[in-house]
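Novice: Before we start, here is the structure in question, set down as structure tokens.
The values are calculated or read from the model by the stated rules, or taken from the named source; none is laboratory data. These numbers come from a predicted model, not from an experiment. When we count neighbours, we look across all protein chains shown, and the Cβ atoms used for this are built from the backbone with ideal geometry, even at glycine. Areas reflect the complete protein model, heavy atoms only, side chains present, ligands, DNA and RNA absent. Shrake-Rupley method; radii C 1.70, N 1.55, O 1.52, S 1.80 Å.
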Amino acid sequence: MDQPKEKYPVVRDIFIHVVAVLTIIPLAPVINRYIPPVMIGKWNADLVLSVLISALIIRLISWLFKPLIIPGFIVLAGMLTWNEFTDGYSFGNVVHDYKNIVSNNWRHKNLKERDLSIRPALFETATQVLVKDLQVKVDYKDSLVRNYAVKASVENFDEYHPKYGPVVRWLSLFKVVNENFKYVSDAQRDEYFAGPRETILNGMGGDCDDHTILMVSAMRSIGAKTRMIVTQGHVYPELYCGDKAEFEKMKQAVLHLFADQISKGLHYREFNGEYWMNLDYTAHHPGGPYLNDLAYAVIDF
């Protein structure tokens, strides 16, 4: 006796294949969170690698048990909708990550980056006094500063910690400080340097030196290495990015997480194989434009 033929097998197969493709799209960036940046030449290829891994997983599921594709898609969509199951990773992050691969591999390749070497001029007496006054105000062991830094370090990008590690804590801290800092000038002809505790208690108000003291102190309190750069009428912080390989990872994280703010490339300094990135309050992202390329003094800690 002949078996009854299944109705519309072609339609069913087409539907399953469409669902499979739709599953690959959000699954790839979820997998990408656990893959460190992969560089092929100057190209950031880890998201492409994630798409291939995602496609292989879906293909394997289709081969073993095709009907699992549909409930698998529903479960994945549910996890991204109620993102507490994915540590805060949601559909918004999926869109952001796909925009990032286009931004990193195409738009930013045509942007000019600054490669500046520091050659500080000889310290004058006034500069020496300024350096000492700034150094003494840095306090990364103060409990208020440490607690502020820790809280700010987990406000943003936590879902990318498996991918970039401690870097996301530093970038989150930068974002919180620079989004909340308000410029308030000192009295005319009187320079006042506020400690980091003062700036926090004052509602994040101050001038460039107050911002720099706070940024350096807060960053150091969560393990980042920073320094101050003194230039004509201005002082600003820089973040240590390591050697060239470590800098490339830092650069990929910044281009990824601040993709919407970056339009003119990243600004940084390289000297003797060490890379430093601008963290000035005037920038909307780490590596923003320098107000002045000339360095009168470099204050290390």
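Novice: Ranked by accessible surface with a 1.4 Å probe, highest first, in what order do Y164, Y281, Y89 come?
Specialist: Y281, Y164, Y89
Novice: Check which residues have an amide H placed less than 5 Å from C241's amide H, if you skip close sequence neighbours.
Specialist: Excluding prolines and chain starts, which carry no amide H, the hits are Y275, W276, M277.
Novice: Based on DSSP, what percent of beta bridges with both residues in the stretch 148-301 are antiparallel, to the nearest 5?
Specialist: 90
Novice: Counting only protein heavy atoms and using a 1.4 Å probe, what share of the accessible area of the chain belongs to carbon plus sulfur, as a whole percent?
Specialist: 60
Novice: Something else about it: Got a sec? What order do I57, I213 fall in by accessible area at 1.4 Å, biggest, i.e. largest, first? Let's see the in-between values first.
Specialist: Working: I57 70, I213 0 Å².
The residues order as I57, I213, largest area first.
Novice: Under the definition of Cα pairs under 8 Å and six or more residues apart, what whole-number percent is the relative contact order of the chain?
Specialist: Working: 453 pairs, mean separation 55.8, N = 301.
That works out to 19 percent.
Novice: Treating only the Cβ of Lys, Arg, Asp and Glu as charged (+1, +1, -1, -1), what charge dipole size does the chain show about its Cα centre? Round to the nearest 20 debye.
Specialist: Around 940 debye, computed over the chain.
Novice: Now for a different question. Picking from I229, M219, V38, whose Cα lies most toward the positive end of the charge dipole for the chain (charges on Cβ: Lys, Arg +1; Asp, Glu -1)?
Specialist: V38
Novice: Same structure again: Kindly work out what percent of the DSSP beta bridges joining two residues of the chain are antiparallel, to the nearest 5.
Specialist: Values: 20 of 25 bridges.
Within the chain, antiparallel bridges account for around 80 percent of the total.
Novice: Just want to confirm a number: the relative contact order over the stretch 138-294, from Cα pairs under 8 angstrom separated by 6+ residues, in percent.
Specialist: 20
Novice: Which whole-Hz ³J(HN,Hα) couplings does the stretch 28-39 yield from phi under the Karplus relation 6.51 cos²θ - 1.76 cosθ + 1.60, θ = phi - 60°, glycine and proline marked x?
Specialist: For the stretch 28-39, the Karplus curve yields 4, x, 5, 5, 4, 4, 9, 10, x, x, 10, 10 Hz.
Novice: Under the classification rounded if a/c is under 1.5, otherwise prolate if a/b is larger than b/c and oblate if not, where does the stretch 256-301 fall, given a ≥ b ≥ c as square roots of the Cα gyration tensor eigenvalues? Provide the component values of the computation, followed by the final result.
Specialist: Numbers: a/c = 2.17, a/b = 1.65, b/c = 1.32.
Prolate.
Novice: Would you calculate, for the chain, the mean residue ellipticity at 222 nm contributed by helices, counting each DSSP H stretch of 4 or more residues as -39,500 (n - 2.57) and dividing by all residues, to the nearest 500? Walk me through the numbers before you get to the answer.
Specialist: Working: 11 runs with 145 residues, N = 301.
Value at 222 nm, helices only: -15500 deg cm²/dmol.
Novice: Select one label from (i) 33, 24, 19; (ii) 49, 20, 14; (iii) 52, 22, 16: the one whose number is semi-axes √(5λ) of the Cα gyration tensor in Å as derived from the coordinates shown.
Specialist: Checking each listed value against the structure points to (ii).
Novice: Please check the chain for the longest run free of GluC sites (Glu not before Pro) that are loop-located per DSSP (anything but H, G, I, E, B) and have at most 10 other Cβ atoms within 10 Å.
Specialist: The answer is 7-190.
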